[in-house]
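Visitor: The structure that follows is given in the form of structure tokens.
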Amino acid sequence: MSKAGVVHPKPSMKSVLLRGSFIIMALYIALYVVYVVQQPRALGAGAIASLFNNTVPLALASAGQAIVVLSRGFDLSLAGVVSITNVVMAVYPLEGPGGALASLAICLAIGAVVGAVNGWLVAYLRIQAIAATLATMIVCQGVALLILDAPGGTVAEWVSYELTDRIFNFIPVSGLILGAVVCLWLLARKTDFGIALYAIGADEHAARLSGIPVLKVRFFAFVLAGMIYGLAGYMLSAQTATGSPTAGEPLLMLSFAAVALGGTSLSGGKGGLFASVMGAATLMLLQKVLFSSGVSSFYTGIFQGAVLIIAVMFSALLTRLGERKNK
Amino acid sequence: MTSRSQNTSYIAVPDKRGNAKVSRETISAVSVAVLCVVILLGSRFISPSLGSWSQVETVLTLGSFLVVLSFGQGLVILSGGLDLSLPALITLGGVLSTAWVGAGNPDALFLLPLVLVGCGLVGSFTAVGVVWLKVPPFIMSMATSIMVASATLGMTNGTTRGAAPELLTDLMKSQIAGVPASILLLLAFVFFGWVLQARSVFGRHVYAVGTNDQAARIAGIPVTLTQFLPYVISAVCAGFVGMMLVGYSNGATLRMGDNYLLPSIAAVVIGGSSILGGRGTFLGTVGGAILLTTLGTVISAIGLNFGLRTIIEGSIILIALLVLRDEFFERLRAFRRP
Amino acid sequence: MLISGACVPAISEGLELSVVRVGKSYGATVALEQADINLRAGEVHSLLGENGAGKSTLVRILAGAVVPDCGVMHLHGAPYRPMSITEARDQQVSTAFQELSLVPNLSVAQNLLLPRIPKSVFFISSAAETMRRASSMLARYDLERIDPAIEVSSLPLADRQRLEIVRALENAGRVLILDEPTASLAETDWLFGQIGSATDRGVAVLYISHRLAEVREICQRATVLRNGRTIATVSLKEASNDDIFEMMVGRRDDHVRKHASSALKDAAPRLSVKSLSNGVLVDASFNVRPGEILAVAALEGQGQRSLFRCLAGLEPAKSGSIEIDSREHSISSPRKALKAGSGIAYLPEERKTEGILAGLSAATNIVVPILSTISTARLVGQNAEAEAAGPEGAKVELSERYLSFAIGDLSGGNQQKALIARTLATGARTLLLFDPTRGVDVGTKQAIYSAIRAFAASGGSVLFYSSELPEIVQLADRCMVLYQGKIVETFEGSAIDEQGLVAAMIGHRATARLRAMQ
């Protein structure tokens, strides 16, 4: 065996992981250019902030979903958590910055509790994720209805003004919060937990034999995702300023669409949170572009669906090509 | 050399699997059915007006929507997939039969089946994506759902018009020999569904493909066709549910299907099917659908609010899932063994 | 010369790991009945046994991946009962698994250091430190040429195997378990060098391999498992291959031909394969006549898989043609294979993943390919399946009462019987059987043999591959040997003997010729 001379191809882990986010970034920028051409005012700080405010709830929801999907799971409870946090924010408004902070803590705690139940059912009782989270989602919807049985209520003013505002009249607060979550994730990905998350998504058996505490990682993936849904519900409340017991439902399907659009494989282990956030942003931007192109808002869905199918096929094709190259 | 006599020790393990004949599917189907009866009878103690024959009729009529819908969903799940496009197809079926066919149309008898054919085509669109383009069922049927819903919205310009064709109102409202036609329809459908799933060659193939598509392919089963058809059947069922709803409420709305997606999956799961495919019976699903409907009507009759009702529904799904775990059955068997 | 494995030895000099009466069952399936083994420090100890003898279960128990139901284990005199792989590793027992426990989407370095990736600040792992440690680890085991930064999935299989071994070596302070470590290694020098330096450090090594020559080269003692039990522990210097073989199989005189060939010499070939190439397989041409049983003998990965999968319609052939009853057919799916001429039915290699339909009854499993013919108007009657499956099950001595059981609940042997019955039920006149008796007990083997013979006697043609040579000697009318994708030798009738086959299988073509001429 020669010690030198064997040179392996170098598709480093980073380039492979980034590939999904490159594609979605390119798609987003292309869409944005179209948008700006149609609506030159879109470059204004106000327009950007409002785009951010629209995008952030779905982007956060997709970020949470991405964590569970990476570990080869599914999480339907997203809709329930967002709904509960939204009605809690609307029914029990806590004023001032202190109140906002307390509300945030409550939202995160709600998400964590639901996530822990999911994690317990899926990791320790070995119930299929899609079935278990379906049940918890329905229970959560019921809880949301108990708290507020019809749309109404008002979110604390501080939250609905400050969190949708701009700092120095330029940087949108919601964008900062989203950025903070993405940055925290980039750090978390380098922890044992982050590494293990990718590992159990790719090959749970090998991960277990490598000494990774598979059950614990799966459990905390759900808890973490639940907390991010809580944050999504918090930001959604800031944006809508009112409560609805079904606030989370529209986000559910779109969150899967965003995750898939970002190139994260539904079979786990491949993709990332940032790409999913970009996927969400693309979906929201697509709506605006279609609207400004004069396409009736009724038909937006046809384009969304088509983009979704094409994106998933495209990323599957890339994966297949990548695998062939490695052989 | 040692022990030549030991070479049969592996065969000599006593066979303890005699009670495996009572399958988990049977247990769950029976227990769901028993639960329905108990709830209906039990509701009498809360209020004497409950648990009457007329309430049973109401449950069966309301339940028939879910039964038809979850037959399709169950078949797709059994084949190893999932169909999220059902709400959009219910709406499509409903809107087409009011706006396009409409009341007083002499050709309704021909046009209504055409509506179903249209729904079937939508189903085959989903199937093409899943079977040939290998898009995960979850994503593909979701994309179909978004596209169909949006097309329906555009077609109607956001408002529905027209009333139900008489054929459909007759189907849902008339009585034959004192029994509501809708209940007879339900019975006929359950028989038809049972035959297709449990007794037909196609049904067997769906079980085989849902259990292990690779093994099914090697065994010579037409896997592609077997994965394709459930989506078509499911779409046709959903379109038909749209028609039933139109006949029942004499009109369509653009959100008429929204509240049926989760119950369709829930009925299948409560009925003892595995969400991964290959396991479950249609009779179990029927039980699940009727149980969910029974609960819904009893809870709303008692006056519990919608929130509590939803929580109870969710908890029942959860309990069903916990009970249906393999470990639970293993433990049950271990308990009975001595 | 023989040390009985059943008695409990006193803790003697150098005894590192002792395992006494360990067993494990999964429901009704006994994976390991009663295993005893003693490993000495600085010794390389082999674990031998047929497929399904319980080797991998014992490995998993020692590795901490499976907790045994009964039995006692001691490590260096102290009780040893690991509840997880990490616990075993903490006690310096480490395993290189046969199926490789590397996570494909992590880097080489991360895989080597799992589950303890070095940290820089807080909980954040340090990429630089991870690389540094991994590089030095790779250098220590002479694998500097592997870049620690690349993703494991982009490495060739042989390098992944080496990494698996390196990780085990690194963590094995007391006991090192190597499960089929040479499965994808072309040569053993590197591995044996590493094993040598481990034993010099006083590590006890458990070495599992199906290659007896390799075992003889590196191991001092061997423990033989059969049917989930320890049969004996022998010193390899004193035991002959035949001794070991007898302990593994249980009978020495088993592999004598017992039947006359029923092949119709003058008939036109039923299956005629002409210069078939695909994957490893190169230019294979042969005929199978009606009534003939043709065997394929080969080491792992010599193209036999491609051959069978092409004929069964699971892989498209790159070139070449397949004729059935003198008419060319293109076989693009197993379904087409069944319908091609007089039909080809395939028994797949992996019973669990490619064969059984676990939740369905044994009867349904048997008749599933022919459901449309036993149905009336596409409907299957209540008892139609059992009635149709019964006679086919009887041909393989499958007890009738099992027909109504879910096949997943049956033992491996009965599952295999049902799958053979399935191929018979199709009515195809050519059977492709890939390792038809893998991991089944002796009684089941005999039932399967007689079913195959009866099928051939009725004019059917059989092409089968077996990993067990005695089976080929016993059953085949003719035997082709595949080596590096080519048919290097064909033996016929009484010329089929184990030594000749082995020589041809390992590529000693010339010697095999010589032997065949004698």
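Visitor: Are any of the residues in the range A:134-153 without any contact (Cβ under 8 Å) to a residue 24 or more places away in the chain and part of a loop (DSSP other than H, G, I, E, B)? I'd like the intermediate steps shown before the answer.
Guide: Taking the range A:134-153 and keeping what is without any contact (Cβ under 8 Å) to a residue 24 or more places away in the chain, we get A:135, A:142, A:146.
Subsequent filtering for residues that are part of a loop (DSSP other than H, G, I, E, B) retains none.
The answer is no, given that none of the residues of the range A:134-153 is without any contact (Cβ under 8 Å) to a residue 24 or more places away in the chain and part of a loop (DSSP other than H, G, I, E, B).
Visitor: For the range C:307-326, enumerate the residues that are part of a helix (DSSP H, G or I) and free of Cβ contacts under 8 Å to residues at least 60 places away in the same chain. So that I can check it myself, show each step before the final result.
Guide: Pass one, the range C:307-326, residues part of a helix (DSSP H, G or I): C:307-312.
Those that are part of a helix (DSSP H, G or I) and free of Cβ contacts under 8 Å to residues at least 60 places away in the same chain: C:Arg309, C:Cys310.
Visitor: If you don't mind, there's one more thing I want to ask. Answer yes or no: is there a residue in the range C:174-188 that is modelled with pLDDT under 90, surrounded by fewer than 16 Cβ atoms within 10 Å (Cβ to Cβ), within 11 Å of another protein chain (Cβ to nearest Cβ) and more than 30 Å from C:Gly412 (Cα to Cα).
Guide: Yes, the range C:174-188 contains at least one residue that is modelled with pLDDT under 90, surrounded by fewer than 16 Cβ atoms within 10 Å (Cβ to Cβ), within 11 Å of another protein chain (Cβ to nearest Cβ) and more than 30 Å from C:Gly412 (Cα to Cα).
Visitor: Now for a separate question. Looking only at residues that are of a type in the set (Ser, Thr, Tyr) and within 12 Å of another protein chain (Cβ to nearest Cβ) in the range C:311-353, which one is nearest to the chain's Cα centre (by Cα)?
Guide: Pass one, the range C:311-353, residues of a type in the set (Ser, Thr, Tyr): C:319, C:321, C:326, C:330, C:332-333, C:342, C:346, C:353.
From the residues that got through so far, the ones that are within 12 Å of another protein chain (Cβ to nearest Cβ) too are C:332-333, C:346, C:353.
Working: C:Ser332: 27, C:Ser333: 25, C:Tyr346: 18, C:Thr353: 14 Å.
In this case the residue turns out to be C:Thr353.
Visitor: Can you tell me how many residues within the range A:191-236 are part of a helix (DSSP H, G or I), touching a Leu at 6+ places or on another chain (Cβ under 7 Å), among the small types (Gly, Ala, Ser) and over 14 Å from C:Pro104 (Cβ atoms)? Don't jump to the end; show me each part of the working.
Guide: At the first step, the residues of the range A:191-236 found to be part of a helix (DSSP H, G or I) are A:192-202, A:204-209, A:214-236.
So of that shortlist, the ones also touching a Leu at 6+ places or on another chain (Cβ under 7 Å) come out as A:195, A:197-199, A:201, A:206, A:217, A:221, A:227-232, A:234-235.
Checking the rest, the ones that are also among the small types (Gly, Ala, Ser) come to A:199, A:201, A:206, A:221, A:230, A:232.
Filter once more, so that each one left must be over 14 Å from C:Pro104 (Cβ atoms): A:221, A:230, A:232.
Within the range A:191-236, residues that are part of a helix (DSSP H, G or I), touching a Leu at 6+ places or on another chain (Cβ under 7 Å), among the small types (Gly, Ala, Ser) and over 14 Å from C:Pro104 (Cβ atoms) number 3.
Visitor: Does the range B:204-216 include one or more residues that are of a type in the set (Lys, Arg) and either outside any helix (DSSP H, G or I) or crowded, with 17+ Cβ neighbours inside 10 Å (or both)? Spell out the reasoning first.
Guide: Pass one, the range B:204-216, residues of a type in the set (Lys, Arg): B:204.
Next, only the ones that are either outside any helix (DSSP H, G or I) or crowded, with 17+ Cβ neighbours inside 10 Å (or both) stay: B:204.
Yes, the range B:204-216 contains a residue that is of a type in the set (Lys, Arg) and either outside any helix (DSSP H, G or I) or crowded, with 17+ Cβ neighbours inside 10 Å (or both).
Visitor: Then there is this: Being in contact (Cβ under 8 Å) with a residue 24 or more places away in the chain and assigned to a loop (DSSP other than H, G, I, E, B), is that true of even one residue in the range C:55-63?
Guide: So far as the range C:55-63 goes, no, none of its residues is in contact (Cβ under 8 Å) with a residue 24 or more places away in the chain and assigned to a loop (DSSP other than H, G, I, E, B).
Visitor: How many residues does the range A:250-283 hold that are modelled with pLDDT of 90 or more and open to solvent by 30 Å² or more (accessible area, probe 1.4 Å)?
Guide: Residues meeting the conditions: 1.
Visitor: For C:Ser101, indicate whether it is in a strand (DSSP E or B) and open to solvent by less than 40 Å² (accessible area, probe 1.4 Å). So that I can check it myself, show each step before the final result.
Guide: Values: in a strand (DSSP E or B): no; open to solvent by less than 40 Å² (accessible area, probe 1.4 Å): yes.
It is false that C:Ser101 is in a strand (DSSP E or B) and open to solvent by less than 40 Å² (accessible area, probe 1.4 Å).
Visitor: Quick one: which helices (runs of 4 or more DSSP H) sit completely within the range C:354-410 and have at least 1 residues that are more than 10 Å from chain B (Cβ to nearest Cβ) and crowded, with 17+ Cβ neighbours inside 10 Å?
Guide: On the way: elements: C:362-367, C:371-374, C:384-395.
Those helices (runs of 4 or more DSSP H) span C:362-367, C:384-395.
Visitor: Oh, and also: Mind checking whether some residue in the range A:237-256 is part of a loop (DSSP other than H, G, I, E, B), in contact (Cβ under 8 Å) with a residue 24 or more places away in the chain and facing chain B (nearest Cβ under 10 Å)?
Guide: Checked against the condition, which is being part of a loop (DSSP other than H, G, I, E, B), in contact (Cβ under 8 Å) with a residue 24 or more places away in the chain and facing chain B (nearest Cβ under 10 Å), the range A:237-256 yields at least one hit.
Visitor: While we're looking at this one, here's another question. Here are some residues: C:Glu144, C:Glu164. Which one is part of a helix (DSSP H, G or I) and of a type in the set (Asp, Glu)? If you could, list the steps in order and put the result at the bottom.
Guide: Working: C:Glu144 fails: part of a helix (DSSP H, G or I).
Within the list C:Glu144, C:Glu164, the selection yields C:Glu164.
Visitor: I would also like to ask the following. May I ask you to verify whether B:Ile275 is closer than 20 Å to B:Ser141 by Cα, part of a loop (DSSP other than H, G, I, E, B), open to solvent by 10 Å² or more (accessible area, probe 1.4 Å) and β-branched (Val, Ile, Thr)? Can you show your working first?
Guide: Values: closer than 20 Å to B:Ser141 by Cα: yes; part of a loop (DSSP other than H, G, I, E, B): yes; open to solvent by 10 Å² or more (accessible area, probe 1.4 Å): yes; β-branched (Val, Ile, Thr): yes.
Answer is yes for this residue.
Visitor: For the range B:63-73, state whether one or more residues are more than 29 Å from B:Leu225 (Cβ to Cβ), more than 21 Å from the chain's Cα centre (by Cα) and in contact (Cβ under 8 Å) with a residue 24 or more places away in the chain.
Guide: Within the range B:63-73, not a single residue is more than 29 Å from B:Leu225 (Cβ to Cβ), more than 21 Å from the chain's Cα centre (by Cα) and in contact (Cβ under 8 Å) with a residue 24 or more places away in the chain.
Visitor: Further, regarding this structure: Do we find a residue being assigned to a helix (DSSP H, G or I), of a type in the set (Ser, Thr, Tyr), farther than 14 Å from B:Met243 by Cβ and open to solvent by less than 10 Å² (accessible area, probe 1.4 Å) anywhere in the range B:63-77?
Guide: Step one: filter the range B:63-77 for residues assigned to a helix (DSSP H, G or I), giving B:63-77.
Within this subset, residues satisfying the condition of being of a type in the set (Ser, Thr, Tyr) are B:64, B:70.
Keeping just the survivors that are farther than 14 Å from B:Met243 by Cβ gives B:70.
Imposing the further condition that a residue be open to solvent by less than 10 Å² (accessible area, probe 1.4 Å) reduces the set to B:70.
Looking through the range B:63-77, at least one residue is assigned to a helix (DSSP H, G or I), of a type in the set (Ser, Thr, Tyr), farther than 14 Å from B:Met243 by Cβ and open to solvent by less than 10 Å² (accessible area, probe 1.4 Å).
Visitor: In addition: When residues of the range B:176-205 are filtered for being touching a residue at least 12 places away in the same chain (Cβ under 8 Å) and more than 15 Å from the chain's Cα centre (by Cα), how many remain?
Guide: 6
Visitor: Turning to a different aspect of this structure: For the range B:227-256: of the residues being in a helix (DSSP H, G or I) and more than 18 Å from the chain's Cα centre (by Cα), which is modelled with the lowest pLDDT? Please lay out each step first, then the result.
Guide: From the range B:227-256, those in a helix (DSSP H, G or I) are B:227-249; that's our starting set.
Still in the running and more than 18 Å from the chain's Cα centre (by Cα): B:246-249.
Working: B:Val246: 93, B:Gly247: 91, B:Tyr248: 91, B:Ser249: 88.
Of everything passing the filter in the range B:227-256, B:Ser249 is modelled with the lowest pLDDT.
Visitor: Just to be sure before I move on: is B:Leu245 among the hydrophobic types (A, V, I, L, M, F, W, C) and surrounded by fewer than 24 Cβ atoms within 10 Å (Cβ to Cβ) in the structure I sent? Before you say what the answer is, go through the steps one by one.
Guide: Numbers: among the hydrophobic types (A, V, I, L, M, F, W, C): yes; surrounded by fewer than 24 Cβ atoms within 10 Å (Cβ to Cβ): no.
No: the conditions fail for B:Leu245.
Visitor: Can you say whether C:Val234 is β-branched (Val, Ile, Thr), within 20 Å of the chain's Cα centre (by Cα) and part of a strand (DSSP E or B), as far as the supplied structure shows?
Guide: On the way: β-branched (Val, Ile, Thr): yes; within 20 Å of the chain's Cα centre (by Cα): no; part of a strand (DSSP E or B): yes.
So C:Val234 fails the test.
Visitor: Let me ask something else. Check every one of the helices (runs of 4 or more DSSP H) wholly within the range A:1-98 and list those with 2 or more residues that are more than 14 Å from chain C (Cβ to nearest Cβ) and at pLDDT 95 or above.
Guide: In the range A:1-98, the matching helices (runs of 4 or more DSSP H) lie at A:45-70, A:78-91.
Visitor: Name the single residue that is nearest to A:Val87 (Cα to Cα) among those in the range A:140-154 being surrounded by 24 or more Cβ atoms within 10 Å (Cβ to Cβ) and among the hydrophobic types (A, V, I, L, M, F, W, C).
Guide: The qualifying residue nearest to A:Val87 (Cα to Cα) is A:Ala144.
Visitor: Going by what's in this entry, would C:Val396 be described as within 24 Å of the chain's Cα centre (by Cα), among the aliphatic types (A, V, I, L, M) and at negative phi?
Guide: Working: within 24 Å of the chain's Cα centre (by Cα): yes; among the aliphatic types (A, V, I, L, M): yes; at negative phi: yes.
Against the criterion (within 24 Å of the chain's Cα centre (by Cα), among the aliphatic types (A, V, I, L, M) and at negative phi), C:Val396 qualifies.
Visitor: Can you tell me which of B:Ser141, B:Ser124 is touching a helix residue (DSSP H, G or I) at 6+ places or on another chain (Cβ under 7 Å), away from chain A (no Cβ under 13 Å) and more than 19 Å from B:Met244 (Cα to Cα)?
Guide: That would be B:Ser124, the only listed residue that is touching a helix residue (DSSP H, G or I) at 6+ places or on another chain (Cβ under 7 Å), away from chain A (no Cβ under 13 Å) and more than 19 Å from B:Met244 (Cα to Cα).
Visitor: Condition check: within 20 Å of the chain's Cα centre (by Cα) and outside any loop (DSSP other than H, G, I, E, B). Does C:Thr95 satisfy that? Walk me through how you get there before you give the answer.
Guide: Values: within 20 Å of the chain's Cα centre (by Cα): yes; outside any loop (DSSP other than H, G, I, E, B): yes.
When the stated conditions are applied, C:Thr95 passes them.
Visitor: Condition first: surrounded by fewer than 18 Cβ atoms within 10 Å (Cβ to Cβ) and part of a strand (DSSP E or B). Now tell me which residues in the range C:105-128 satisfy that. Spell out how you get there, then give the answer.
Guide: So the first thing to find is which residues in the range C:105-128 are surrounded by fewer than 18 Cβ atoms within 10 Å (Cβ to Cβ), and the list is C:115-116, C:118-124, C:126-128.
C:Lys119 - this is the single residue of the range C:105-128 that is surrounded by fewer than 18 Cβ atoms within 10 Å (Cβ to Cβ) and part of a strand (DSSP E or B).
Visitor: What's the number of the condition C:Met131 fails, among (1) open to solvent by 50 Å² or more (accessible area, probe 1.4 Å); (2) touching an Asp or Glu at 6+ places or on another chain (Cβ under 9 Å)?
Guide: If we test C:Met131 against (1) open to solvent by 50 Å² or more (accessible area, probe 1.4 Å); (2) touching an Asp or Glu at 6+ places or on another chain (Cβ under 9 Å), just (2) comes out false.
Yes or no, residue by residue, for (1) outside the structural domain of C:Leu17 (by TED's automatic domain parsing); (2) of a type in the set (Ser, Thr, Tyr):
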| site | (1), (2) |
| --- | --- |
| C:Ala109 | yes, no |
| C:Leu114 | yes, no |
| C:Ser125 | yes, yes |
| C:Ala139 | yes, no |
| C:Asp142 | yes, no |
| C:Arg145 | yes, no |
| C:Ala149 | yes, no |
| C:Glu164 | yes, no |
| C:Thr182 | no, yes |
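Visitor: Among the residues of the range A:119-128, which ones are at the interface with chain B (Cβ under 9 Å from one of its Cβ atoms) and not basic (Lys, Arg)? Let's see the steps before the verdict.
Guide: Taking the range A:119-128 as the starting set, the residues that turn out to be at the interface with chain B (Cβ under 9 Å from one of its Cβ atoms) are A:121, A:125-128.
Within the range A:119-128, A:Leu121, A:Leu125, A:Ile127, A:Gln128 qualify.
Visitor: Mind checking which residues of the range C:77-91 are over 17 Å from C:Leu114 (Cβ atoms), in contact (Cβ under 8 Å) with a residue 24 or more places away in the chain and open to solvent by 20 Å² or more (accessible area, probe 1.4 Å)?
Guide: Correct list: C:Gly77, C:Gln91.
The values are calculated or read from the model by the stated rules, or taken from the named source; none is laboratory data. This structure is a prediction, so every number in the text was calculated from the model and none was measured. A quick note on method: Cβ atoms are made from the backbone with ideal geometry, for glycine too, and the neighbour counts reach across all protein chains shown. When the accessible area is computed, the model is the full protein with side chains, heavy atoms only, and any ligands, DNA or RNA have been set aside. Shrake-Rupley method; radii C 1.70, N 1.55, O 1.52, S 1.80 Å.
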